[in-house]
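Input: a single structure, listed below in structure tokens.
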């Protein structure tokens, strides 16, 4: 019985090897596609965030004054500095909450100060929440917040 299995494996070695290579290639391609989709989705969310802030009827109000007192246009100007800044294995130290209202739709923004670079701030937007609380839209540098 065992010898039959061994003989069958020896005969079909090339077929099994090709099937294995094919399956591994599929896994690799699917992983690349998923990473690309995630990148595209996050970029679209960032673009929507920027377009929402640029609208004249978007109202922004602070829920707290962690980084100082800012009015609608000042907050918009700071948030429009958003960039794709690469993470550098730090955390956040202080948080400021902002409510964004456009028409009847309201969403919340968290601005968090980087723990290492005090001029770097992270932006989190709750409009598209993925379930883990890490809905970072982007980061920006500011000398205005303190």
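The values are calculated or read from the model by the stated rules, or taken from the named source; none is laboratory data. Everything numeric here is computed off the predicted structure, so don't read it as measured data. A quick note on method: Cβ atoms are made from the backbone with ideal geometry, for glycine too, and the neighbour counts reach across all protein chains shown.
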*Name the residues in the stretch 91-132 that are in a loop (DSSP other than H, G, I, E, B) and modelled with pLDDT of 90 or more, would you?*
104, 115, 116, 117, 118, 119
*Is there a residue in the stretch 53-67 that is outside any loop (DSSP other than H, G, I, E, B), modelled with pLDDT under 90 and loosely packed, with under 14 Cβ neighbours inside 10 Å?*
no
*Got a number for residues in the stretch 56-88 being in contact with a helix residue (DSSP H, G or I) (Cβ under 8 Å, 6 or more places away or on another chain) and within 15 Å of residue 112 (Cα to Cα)?*
3
*Those residues that are loosely packed, with under 12 Cβ neighbours inside 10 Å and within 22 Å of residue 128 (Cα to Cα), I need them from the stretch 68-84; list them, please.*
83, 84
*Among 42, 9, 16, which is the only one that is at pLDDT below 90 and either under 17 Å from residue 84 (Cβ atoms) or touching a strand residue (DSSP E or B) at 6+ places or on another chain (Cβ under 9 Å) (or both)?*
42
*All but one of (1) surrounded by 10 or more Cβ atoms within 10 Å (Cβ to Cβ); (2) more than 22 Å from residue 114 (Cα to Cα); (3) modelled with pLDDT under 90 hold for residue 26; which doesn't?*
(3)
